[in-house]
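The values are calculated or read from the model by the stated rules, or taken from the named source; none is laboratory data. This structure is a prediction, so every number in the text was calculated from the model and none was measured. Positions of Cβ are generated from backbone atoms using ideal geometry, with glycine treated the same way; all protein chains shown enter the neighbour counts.
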Amino acid sequence: MNRYVELWGWVCEVFGDQAFTIDQFRAEFPSPDPAKVVHDLVKLNLITRLQTGTYKPASPLDFSRMMVKQSMSKEKLLGSPPAPFAYSHDDAVRIWTDGYYWTGFTAGYKPVHIEIRSTDTRRWEQFFRNNKAAYAFESDRKTLFGLVFILHPVHELNSETRDGVPVISMARVMEYCLERKGGYEPAVSYLRRKFRAKLSRG
């Protein structure tokens, strides 16, 4: 656990939902530089500055909502990617069906599937680490929660542009859906209706 988050827990334990001053903080938590610690807690949204020298702990609910908001905002990172990519899997289905069919997520887990070139894997990993964004590979065995970038390295990256974003081809999306037809029948029907001519040519 992050030390500041642990400290916030004790601040909540000591002050509850009551305001406190820097002097009260200093009296409860010995520190060589309490002003800096309080400043850092404010910066991390763990406490709120009510006025100069007076603070209030963030409520657990407010803090959890802030963490969720920060997690969900990470998808914007793909607006400035370190290397080429293409949305794939369920995200590609969502894009090609114009948002009509959106699946593959839960209330607590929001994966973002992207194909990347195998040779760019380390660049992507460093990019996500630098931006404190969660990422994983499809084969990873670990607990996943919040917005997580799922990386699918491929030898050769092929993509099309749809609605201004790179995505795998519609033909590949159709193949993906047909392999899982039981749960993806609505997506298959939508794609066939909208892209009948294109599918026929394919």
*Please note which strands (runs of 3 or more DSSP E) are completely contained in region 18-97 and include at least 3 residues that are over 33 Å from the mean Cα position of the chain (by Cα).*
none
_Number of the exception - T103 against (1) modelled with pLDDT under 95; (2) assigned to a loop (DSSP other than H, G, I, E, B); (3) surrounded by 13 or more Cβ atoms within 10 Å (Cβ to Cβ); (4) more than 15 Å from the chain's Cα centre (by Cα)_ = (3)
_Meets criteria (at pLDDT 90 or above and farther than 30 Å from G183 by Cβ) for S80_ = yes
_Take the residues in region 70-90 that are touching a residue at least 24 places away in the same chain (Cβ under 8 Å) and among the charged types (D, E, K, R); name whichever of them is surrounded by the most Cβ atoms within 10 Å (Cβ to Cβ)._
K74
*All but one of (1) surrounded by 11 or more Cβ atoms within 10 Å (Cβ to Cβ); (2) part of a loop (DSSP other than H, G, I, E, B) hold for E125, so report the exception by its number.*
(2)
*asked:* Just to be sure before I move on: is T48 of a type outside the set (A, V, I, L, M), touching a strand residue (DSSP E or B) at 6+ places or on another chain (Cβ under 9 Å) and assigned by TED's automatic domain parsing to the domain that holds G9 in the structure I sent?
replied: yes
*Mind checking which residues of region 155-176 are under 18 Å from L191 (Cβ atoms) and either hydroxyl-bearing (S, T, Y) or out of contact with any strand residue (DSSP E or B) (no Cβ under 7 Å at 6 or more places or on another chain) (or both)?*
S159, T161, R162, D163, S169, M170, A171, R172, V173, M174, E175, Y176
_region 142-159, subset more than 15 Å from A83 (Cβ to Cβ) and in contact (Cβ under 8 Å) with a residue 60 or more places away in the chain, residue nearest to the chain's Cα centre (by Cα)_ = L147
*Does E185 count as without any contact (Cβ under 8 Å) to a residue 60 or more places away in the chain, surrounded by fewer than 13 Cβ atoms within 10 Å (Cβ to Cβ) and assigned by TED's automatic domain parsing to the domain that holds D91?*
no
*Checking Y55 against (1) more than 27 Å from Y184 (Cβ to Cβ); (2) at pLDDT below 95, which test does it fail?*
(2)
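Select, from V5, V14, the only residue that is under 25 Å from the mean Cα position of the chain (by Cα) and of a type in the set (V, I, T).
Criteria check complete, one pass: V5.
Okay, residues lined up against (1) closer than 20 Å to L61 by Cβ; (2) surrounded by 14 or more Cβ atoms within 10 Å (Cβ to Cβ); (3) at pLDDT 90 or above; (4) touching a strand residue (DSSP E or B) at 6+ places or on another chain (Cβ under 7 Å):
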site	(1), (2), (3), (4)
M1	yes, no, no, no
E13	yes, no, yes, no
V38	no, yes, yes, yes
L41	yes, yes, yes, yes
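Using the structure shown, decide if R172 is surrounded by 16 or more Cβ atoms within 10 Å (Cβ to Cβ) and either among the charged types (D, E, K, R) or over 21 Å from L77 (Cα atoms) (or both).
Here the answer is yes, as R172 does meet what is asked.
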*Working only within region 43-67, note down all residues that are closer than 28 Å to F145 by Cβ, surrounded by fewer than 15 Cβ atoms within 10 Å (Cβ to Cβ) and not polar (S, T, N, Q).*
K43, P60, L61, D62, R65, M66, M67
